[in-house]
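Here's the structure, in structure tokens; my notes come after.
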Amino acid sequence: MENAIPLFTKALWLTLHLSFWGVIFSIIVGFFVAIITYYKVRGFCMVVKAYVELSRNTPLLIQLFFLYYGLPQIGWKLDSYICALIGVVFLGGSYMAESFRAGLESVGKIQLESARSLGLNEMQLIFYIVLPQSLMVSLPYIGANAIFLLKETSVVSAIALADVFYVTKDLLGSYYKSSETLLLLVFCYLVILLPLSLLFYVLEKHYKRIIN
């Protein structure tokens, strides 16, 4: 077990890296999907709706298996990290989209009509009226989804990616010291999740003070 700490440290960095980029790209994808849905953009609206339904109604594990084992059958071979990142973003983008959509739809139509009557164009309307108010509603959901995605990364061990869960299973099979190994696993997730929860809590409080 003397090698457990270095293994967990390396796995923790991998989990952090995957989670960070997974959440960032999920927010970007979710935002554009929500904008397309909210404004009912022709030619894209049905596509993004199909994407949201497919993503939210299939487990991440199945999506990862399709990427890692299915795509090579048609000549597209991706390494396990890229598959994991695509899978997390594919799942996370749909959840983030629903968070942004809830915020966008919370903005009253009267405010939009008043802004248009003052001469604001659609871009000004989005940046000065819609986004500031919608983010106040969306931010708690975005934070909850970010935490959800981070916990979902434990599934990526199924495609041989050496995250903290993969290392835990490996050590349990090698040393059979379940108490120490599981304690390290819990500690690793607490190290990631607690600061993330605190960050979104502070952001939410700070943003409310700015808006109000």
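The values are calculated or read from the model by the stated rules, or taken from the named source; none is laboratory data. On a predicted model such as this, the values are computed, not experimentally measured, just so you know. In this analysis, Cβ positions are derived from the backbone assuming ideal geometry, glycine residues included, and neighbour counts consider all displayed protein chains. In case anyone asks, the SASA skips ligands and DNA or RNA and just uses the protein heavy atoms, side chains included. Shrake-Rupley method; radii C 1.70, N 1.55, O 1.52, S 1.80 Å.
Can you tell me the relative contact order of the chain? Whole percent, Cα pairs under 8 Å, sequence separation 6 or more.
With pairs under 8 Å counted, the relative contact order is 29 percent.
Using a simple charge model, +1 on the beta-carbon of Lys and Arg, -1 on the beta-carbon of Asp and Glu, nothing else, what dipole does segment 5-84 show about its Cα centre, in debye to the nearest 20?
Result for segment 5-84 is approximately 200 debye, rounded to the nearest 20.
If a/c stays under 1.5 just call it rounded; otherwise compare a/b with b/c (prolate if a/b is bigger, oblate if not). Do that for the chain, with a ≥ b ≥ c from the square roots of the Cα gyration tensor eigenvalues.
Numbers: a/c = 3.61, a/b = 1.73, b/c = 2.09.
Oblate.
Just name one of Ser134, Val89, Phe148: the one whose Cα is farthest towards the positive end of the charge dipole of the chain (beta-carbon charges, Lys/Arg +1, Asp/Glu -1).
Farthest towards the positive pole: Ser134.
Past 24 Å, Cα to Cα, is the threshold; run Lys10/Lys169; Lys40/Lys77; Lys151/Lys208; Lys109/Lys208 against it and keep the listed order.
The answer is Lys40/Lys77; Lys151/Lys208.
Treating the beta-carbon of each Lys and Arg as +1 and of each Asp and Glu as -1, no other charges, what is the dipole magnitude of the chain about its Cα centre, to the nearest 20 debye?
460
Where a ≥ b ≥ c are the square roots of the eigenvalues of the C-alpha gyration tensor, would you call segment 34-115 rounded, which needs a/c under 1.5, or, failing that, prolate if a/b is larger than b/c, or oblate?
On the way: a/c = 3.52, a/b = 2.70, b/c = 1.30.
It comes out prolate by the Cα gyration axes.
Counting heavy atoms of the protein chains only and a 1.4 Å probe, report the per residue accessible area for the chain as a whole number of Å².
Values: 12300 Å² over 212 residues.
For the chain, the solvent-accessible area averages 58 Å² per residue.
With a cut-off of 16 Å, note down the residues of segment 142-162 whose backbone N falls inside the zone around a label point 7 Å from the Cα of Asp170 toward its beta carbon.
Under 16 Å, as judged by backbone N against the label point of Asp170, lie 154-162 of segment 142-162.
Considering Cα pairs under 8 angstrom that are at least six residues apart, work out the relative contact order of segment 112-194 and quote it in whole percent.
About 17 percent, as a whole number.
Where in the chain is the longest stretch that carries no trypsin sites (Lys or Arg not before Pro) classed as loop by DSSP and with at most 11 other Cβ atoms within 10 Å? Provide the component values of the computation, followed by the final result.
On the way: sites that count: Lys40, Arg42, Lys77.
Of all site-free stretches, the longest is 78-212.
So if I place +1 on the C-beta of Lys and Arg and -1 on the C-beta of Asp and Glu, and nothing else carries charge, what would the dipole magnitude of segment 45-108 be about its Cα centre? I want it in debye, nearest 20.
Details: 4 positive and 4 negative charges, 17 e Å.
Value, rounded to 20: 80 debye.
Given labels modelled 7 Å from the Cα in the Cβ direction, how far is it in nm from Gln111 to Met46?
3.3
How large a share of the accessible area of the chain, in percent, is made up of carbon and sulfur atoms when the probe is 1.4 Å and the other protein chains stay in place?
Answer for the chain: carbon and sulfur cover 69 percent of the accessible area.
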